[in-house]
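Working notes, structure below.
The values are calculated or read from the model by the stated rules, or taken from the named source; none is laboratory data. Only a predicted model underlies this, so the values are computations on that prediction, with no experimental measurement involved. Using ideal geometry, Cβ is built from the backbone for each residue, glycine included, and neighbour counts are taken over all protein chains shown.
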Amino acid sequence: MPSNRLASENGIGEYTRGPMTPAESIQALRDNIRSVFIGNPAAVDQVICCLLARGHTLIEDVPGVGKTLLATALARSLDCTFSRIQLTPDMLPSDILGVSVYDRNRAEFEFRRGPIFANIVLADEINRTPPRTQSALLESMNEASVSIDGRIVQLDRPFMVIATQNPYEFEGTYLLPENQLDRFLMQIEVGYPEPEDEARVLQLRPAETLLGELRAVLSPEMVIGLQDSVDAVRLDRSLVDYIIAIAGKTREHEDLQVGLSPRGTLALAHVARSTALLAGRDYCIPEDIVDNIIPVCAHRVVSRAYLQTGEMRASRQIIDQVMQSVPSPA
């Protein structure tokens, strides 16, 4: 277990009183985020689940429901490097990856790293920038590396992209390409808070007060240790067959142009493992798959309605129908 003392640029000192078990580490992270993000607890667990599964998260919802707050709260709860990219229509790929600048004194080019070189990268309003710039994130999300000036540069672990986007029907938004959507492990909706939670938001104003006081509870080494623990969670063969059966149904569905790919089945299996770890188990149960089918799979399939209108709700409905048609293992 790594040291429990951090040498953070934020001046964070001792953040635990001793080594923590995986369950204690996850609960500490969950409580820390929830102290600032007041609302949908399932969204908090889903973001943590993506972190544990070494995946990336796409948070889609209307403006003002706390998408950026949730992402920032996760980042500040980890003693990791963090960068935020506010994506705009005039942004270029070099604004994300970095650029080579000629140094006259040394008579050579020097590469200046872009904001992608961080452990946690918040890509805010990703669908307000053109597809060319969106695609600059593809290699980093898939390979945890970037190609710069003919060489491959590895990104530090842990590495996670948290992207937020407004609904496609909002003015000035671009549809994300299907291959980019497929790189996101989960697509999450935050939703409006319950009246009680909204009352607390009005009283506490967490984005203005609590967020600035948030302190890290996990070190990078702890996060990597938790990610490695996910690999050890057991997924029974009956559950593997269940995932394959669901994928097969999507590939045969008449309302889907593209069904769930092998990358999608791998994603669903890995999220099931991380969900089990989140629940304190070292084995998966059917609910670990059922509860995650829509956030993991709906954005990976392509419905005929989506091709015509860009509407994602049809995909969610079809995935739900498929799930109901496949018997769950006992």
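Within the range 74-119, how many residues are part of a loop (DSSP other than H, G, I, E, B), free of Cβ contacts under 8 Å to residues at least 60 places away in the same chain and in contact with an Asp or Glu (Cβ under 7 Å, 6 or more places away or on another chain)? Count: 2.
Evaluate the range 187-197: report whether one residue or more is in contact with a Cys (Cβ under 9 Å, 6 or more places away or on another chain) and over 30 Å from V36 (Cβ atoms). Checked against the condition, which is being in contact with a Cys (Cβ under 9 Å, 6 or more places away or on another chain) and over 30 Å from V36 (Cβ atoms), the range 187-197 yields no hits at all. Any residue that is part of a helix (DSSP H, G or I) and of a type in the set (K, R) - is there at least one of those in the range 183-199? No, the conditions are met nowhere in the range 183-199.
Do we find a residue being among the aromatic types (F, W, Y) and within 19 Å of I85 (Cα to Cα) anywhere in the range 150-159? Outline the logic, then answer.
If we filter the range 150-159 for residues that are among the aromatic types (F, W, Y), which is where we start, we get 159.
Applying the additional criterion that residues be within 19 Å of I85 (Cα to Cα) yields 159.
Yes; the residues of the range 150-159 include at least one that is among the aromatic types (F, W, Y) and within 19 Å of I85 (Cα to Cα).
Screening S219 against (1) in contact (Cβ under 8 Å) with a residue 24 or more places away in the chain; (2) within 17 Å of R76 (Cα to Cα); (3) surrounded by fewer than 17 Cβ atoms within 10 Å (Cβ to Cβ) leaves a single unmet condition, (3).
Considering L58, L92, L70, which residue is surrounded by fewer than 17 Cβ atoms within 10 Å (Cβ to Cβ), among the hydrophobic types (A, V, I, L, M, F, W, C), at pLDDT 85 or above and at negative phi? Talk me through it step by step, then tell me what you get.
Working: L58 fails: surrounded by fewer than 17 Cβ atoms within 10 Å (Cβ to Cβ); L70 fails: surrounded by fewer than 17 Cβ atoms within 10 Å (Cβ to Cβ).
Of L58, L92, L70, the one residue that is surrounded by fewer than 17 Cβ atoms within 10 Å (Cβ to Cβ), among the hydrophobic types (A, V, I, L, M, F, W, C), at pLDDT 85 or above and at negative phi is L92.
Residues of the range 71-103 that are more than 26 Å from P220 (Cα to Cα) and either touching a Leu at 6+ places or on another chain (Cβ under 7 Å) or among the aromatic types (F, W, Y) (or both): Y102 alone. The single condition among (1) modelled with pLDDT of 85 or more; (2) more than 17 Å from R34 (Cα to Cα); (3) exposed (fewer than 14 other Cβ atoms within 10 Å of the Cβ); (4) over 21 Å from the mean Cα position of the chain (by Cα) that Q154 does not meet is (4). Residues that are charged (D, E, K, R) and part of a loop (DSSP other than H, G, I, E, B) were ranked within the range 171-182; the one that is modelled with the highest pLDDT is D182.
Name the one entry in V301, V290, V240 that is in contact with a Gly (Cβ under 7 Å, 6 or more places away or on another chain), free of Cβ contacts under 8 Å to residues at least 60 places away in the same chain and farther than 23 Å from L29 by Cβ. Write out each step before concluding.
Working: V290 fails: in contact with a Gly (Cβ under 7 Å, 6 or more places away or on another chain); V240 fails: in contact with a Gly (Cβ under 7 Å, 6 or more places away or on another chain).
The conditions single out V301.
Test Q203 against the stated conditions and say whether it is in contact with an Asp or Glu (Cβ under 8 Å, 6 or more places away or on another chain) and not in a loop (DSSP other than H, G, I, E, B). Against the criterion (in contact with an Asp or Glu (Cβ under 8 Å, 6 or more places away or on another chain) and not in a loop (DSSP other than H, G, I, E, B)), Q203 does not qualify. Would you call R263 touching a strand residue (DSSP E or B) at 6+ places or on another chain (Cβ under 7 Å) and of a type in the set (K, R)? Spelling it out, it is not the case that R263 is touching a strand residue (DSSP E or B) at 6+ places or on another chain (Cβ under 7 Å) and of a type in the set (K, R). The set of residues in the range 1-55 that are in a loop (DSSP other than H, G, I, E, B), surrounded by 15 or more Cβ atoms within 10 Å (Cβ to Cβ), modelled with pLDDT of 85 or more and among the hydroxyl-bearing types (S, T, Y) contains only S35.
As a summary of the residue check, Q324 satisfies the conditions (1) over 25 Å from the mean Cα position of the chain (by Cα); (2) in contact (Cβ under 8 Å) with a residue 24 or more places away in the chain except for the one numbered (2). Among the numbered criteria (1) touching a Lys or Arg at 6+ places or on another chain (Cβ under 8 Å); (2) under 20 Å from V146 (Cβ atoms), which single criterion is violated by P89? Exception for P89: condition (2). Only one of the numbered conditions (1) among the hydrophobic types (A, V, I, L, M, F, W, C); (2) surrounded by 15 or more Cβ atoms within 10 Å (Cβ to Cβ); (3) over 19 Å from S328 (Cβ atoms) is not met by L266, and that is (2).
Matching residues to (1) modelled with pLDDT of 95 or more; (2) under 26 Å from R34 (Cα atoms); (3) of a type in the set (A, V, I, L, M):
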| position | (1), (2), (3) |
| --- | --- |
| L204 | no, yes, yes |
| T209 | no, yes, no |
| L214 | no, yes, yes |
| L239 | yes, no, yes |
| I244 | yes, no, yes |
| H253 | no, no, no |
| V258 | no, no, yes |
| L266 | yes, no, yes |
| T275 | yes, yes, no |
